[in-house]
1. Can you tell me which condition S313 does not meet? The list is (1) touching a strand residue (DSSP E or B) at 6+ places or on another chain (Cβ under 9 Å); (2) closer than 18 Å to Y259 by Cα; (3) open to solvent by less than 30 Å² (accessible area, probe 1.4 Å); (4) among the hydroxyl-bearing types (S, T, Y), and all the others hold.
2. Check every one of the strands (runs of 3 or more DSSP E) wholly within the range 177-288 and list those with 3 or more residues that are open to solvent by less than 40 Å² (accessible area, probe 1.4 Å), among the hydrophobic types (A, V, I, L, M, F, W, C) and within 18 Å of Y69 (Cα to Cα).
3. Name every residue in the range 292-310 that is outside any helix (DSSP H, G or I), of a type in the set (A, V, I, L, M, F, W, C) and surrounded by fewer than 19 Cβ atoms within 10 Å (Cβ to Cβ), in order of residue number.
4. Of the conditions (1) in contact with a Lys or Arg (Cβ under 7 Å, 6 or more places away or on another chain); (2) over 30 Å from L105 (Cβ atoms), P238 fails just one. Which one is it?
5. Among what's in the range 51-106 and is assigned to a strand (DSSP E or B) and modelled with pLDDT of 85 or more, pick the residue that is least open to solvent (accessible area, probe 1.4 Å).
6. Which number in (1) open to solvent by 10 Å² or more (accessible area, probe 1.4 Å); (2) touching a residue at least 60 places away in the same chain (Cβ under 8 Å); (3) under 11 Å from L229 (Cβ atoms) marks the one condition that H322 misses?
7. Determine whether G163 is in a loop (DSSP other than H, G, I, E, B) and either farther than 24 Å from I318 by Cβ or not hydroxyl-bearing (S, T, Y) (or both).
Amino acid sequence: MAAPKSCALWSYCGRGWSQAMWGGQLLGLRSSWPGTPLSARLLSQEKRATETHFGFETVPEEEKGGKVYQVFESVAKKYDVMNDMMSLGIHRVWKDLLLWKMRPLPGTQLLDVAGGTGDIAFRFLNYVQSHHQSKQKRQLRAQQNLSWEEIAKKYQNEEDSLGGSRVMVCDINKEMLKVGKQKALAQGYRAGLAWVLGDAEELPFDDDKFDIYTIAFGIRNVTHIDQALQEAHRVLKPGGQFLCLEFSQVNNPLISRLYDLYSFQVIPVLGEVIAGDWKSYQYLVESIRRFPSQEEFKEMIEDAGFHKVTYESLTSGIVAIHSGFKL
């Protein structure tokens, strides 16, 4: 997406949170951008091509961000319903597998980019809370001499049910964040969660800030994928992990033909019937075809400075999970 020149902070009012603060400290929002050395480097880069793709359409680079913004602004309220309809619910399994690959440890600081409606963030919170509670139970079982009163007191004194883990959801689209925040309230997610309006190509965070960076079905929509990858590398701590779940290239010829038929003949119709928006879902299927193959994207991740880069194709390559580490 096109990089805006300013970025607004969205905070979530839950236990321990104020103005997107964790434990009373502002979460590493960059204090002097765009006047930082990074911005200077970006501005001094060789001039990019003036045109790019928006689906199968060729558009000026400066227009793509706005066009993508309009797409997601239009579909935000029906985004989750359409995901279920288009994928027949399989997207839930793909996202569960992303969490399985992540396997966050206690205290993990996660940045979920393009995560507006909260699907990855909520899974992360469920995972870390479940594992923290299991750890508590194991500790209590190891202390058989405790009375019921002592056990109850131990639970009452436990202030952080997430074991210090936190997730920051960053998205460029206000409407997507609005839907995510509404879902969080409805489903009872408060602790350990914050929301920031920001651009994947120019993240409003300090260097070396997060343990894990995730982006699910978002990176193909940015104008400069290489720049978004460089930003992911910048904000990760040394040893941090990059994880990307994205549509990819189908590796079975028969499935590929069926997938194309379904994509171009069915998905836009579903978009029109359910979301009242044919064009946005036509863009969706076209943008998938313009995204690099698994091997090409792997090389792009390596070019951004990541090491031990791997990928796993899911559902015959309809999607792939890419992983890399900042060493």
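1. (3) is the only condition that S313 fails.
2. Here the list reads 193-197.
3. Once the filter is applied, which keeps residues that are outside any helix (DSSP H, G or I), of a type in the set (A, V, I, L, M, F, W, C) and surrounded by fewer than 19 Cβ atoms within 10 Å (Cβ to Cβ), the range 292-310 yields only V309.
4. Status for P238: all satisfied but (2).
5. The selected residue is T52.
6. For H322, the exception is condition (1).
7. Yes; evaluated as a whole, the condition is true for this residue.
The values are calculated or read from the model by the stated rules, or taken from the named source; none is laboratory data. The model shown is predicted, which means the values in this text are computed figures rather than measured ones. Heads up, the Cβs are rebuilt from the backbone with ideal geometry, glycines too, and the neighbour counts pull from every protein chain shown. All accessible areas refer to the heavy atoms of the entire protein, side chains included, with ligands and DNA or RNA removed. Shrake-Rupley method; radii C 1.70, N 1.55, O 1.52, S 1.80 Å.
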